[in-house]
Every structure is written in structure tokens, then in C-alpha cells.
Amino acid sequence: QVKLVESGGGLVQPGGSLRLSCVASGITFSIYTMGWYRQAPGKQRELVARIYTFDTTNYADSVKGRFTISRDNAKNTVYLQMNNLKPEDTAVYYCKGNQYSNEYWGQGTQVTVSS
């Protein structure tokens, strides 16, 4: 059974930082492209950052320079370090793993940026 479990969300003030983690089980993690997506109320889910099997990364323009995605294949974990958070970063953040037609999602973790 495949499971992706996110953690690390919470309430943070503008300018603060959070680190999200996503632990995967039931897949050969190292061969999966891993991504972080987010969905704010009333908006479509959007890609935040993605990391490929050889650690190539790409980011949404809105988070470039503030967020960093990384992976630890030994721990089957992908991370999202979020710095200088803004109120517009408020959303449910989801982890996704995909390899060809196989695609798996986590249940999401809430990030709220507010003073």
C-alpha cells in the first residue's frame, strides 16, 4: 500500500519559516519525481516545487528565492523549506510522487501565514 504523509504545517507570522516533510512508503522512492503543490480556498491546486530523481528542481515564480525543495532517498522523504512566508502562501500543501503513469498524493498539511 502506497502512503505519502505530510507534516510540518502550522500557523506562522509573515516573514517566518516552516519546513514541510513528506514521508513515502510502498514505492521505490528514489525513482520517483516528487513535488509539492498547494491549494488555497477558492483556487485551483498549483505546483509549488518539484524535484527529479537526479535532484534537478523547478519552482513556481511566486516562491523562487524563498522556498527550497530537497530529498533524502535514504529516508524516503522530501522536504520543502519555506522562508520569508507571506499571507498569500496560506494554503493546504500536498506532496505528490509520480513515475510515468503512477501518481500518488498525500492528505495535505495546512499552512497559515497571519499576524
Inspect segment 59-82 for any residue being among the aromatic types (Phe, Trp, Tyr) and assigned to a loop (DSSP other than H, G, I, E, B) and give the result as yes or no.
-> no
Which residues, counting only those in segment 84-101, are modelled with pLDDT of 95 or more and open to solvent by 60 Å² or more (accessible area, probe 1.4 Å)?
-> Asn84, Lys86, Pro87, Glu88
Tally, over segment 83-109, of residues that are under 11 Å from the mean Cα position of the chain (by Cα) and among the polar types (S, T, N, Q) | 1
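Is it the case that Tyr37 is part of a strand (DSSP E or B), touching a residue at least 60 places away in the same chain (Cβ under 8 Å) and either over 15 Å from the mean Cα position of the chain (by Cα) or surrounded by 12 or more Cβ atoms within 10 Å (Cβ to Cβ) (or both)?
Values: part of a strand (DSSP E or B): yes; touching a residue at least 60 places away in the same chain (Cβ under 8 Å): no; either over 15 Å from the mean Cα position of the chain (by Cα) or surrounded by 12 or more Cβ atoms within 10 Å (Cβ to Cβ) (or both): yes.
It is false that Tyr37 is part of a strand (DSSP E or B), touching a residue at least 60 places away in the same chain (Cβ under 8 Å) and either over 15 Å from the mean Cα position of the chain (by Cα) or surrounded by 12 or more Cβ atoms within 10 Å (Cβ to Cβ) (or both).
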Test set (1) assigned to a strand (DSSP E or B); (2) over 20 Å from Trp105 (Cβ atoms); (3) touching a residue at least 24 places away in the same chain (Cβ under 8 Å) - Val48 fails condition number = (2)
Scanning for something of a type in the set (D, E, K, R) and closer than 20 Å to Leu11 by Cα, does segment 67-82 turn up at least one residue?
-> no
When residues of segment 102-115 are filtered for being surrounded by 14 or more Cβ atoms within 10 Å (Cβ to Cβ) and part of a loop (DSSP other than H, G, I, E, B), how many remain?
-> 2
Within segment 53-80, can you find the residues that are surrounded by 12 or more Cβ atoms within 10 Å (Cβ to Cβ) and at pLDDT below 95?
-> Thr53
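The values are calculated or read from the model by the stated rules, or taken from the named source; none is laboratory data. These figures come from a predicted structure and were not determined experimentally. Cβ atoms come from the backbone with ideal geometry, glycine included; neighbour counts cover every protein chain shown. Heads up: the accessible areas ignore ligands, DNA and RNA and are worked out on the full protein's heavy atoms, side chains in. Shrake-Rupley method; radii C 1.70, N 1.55, O 1.52, S 1.80 Å.
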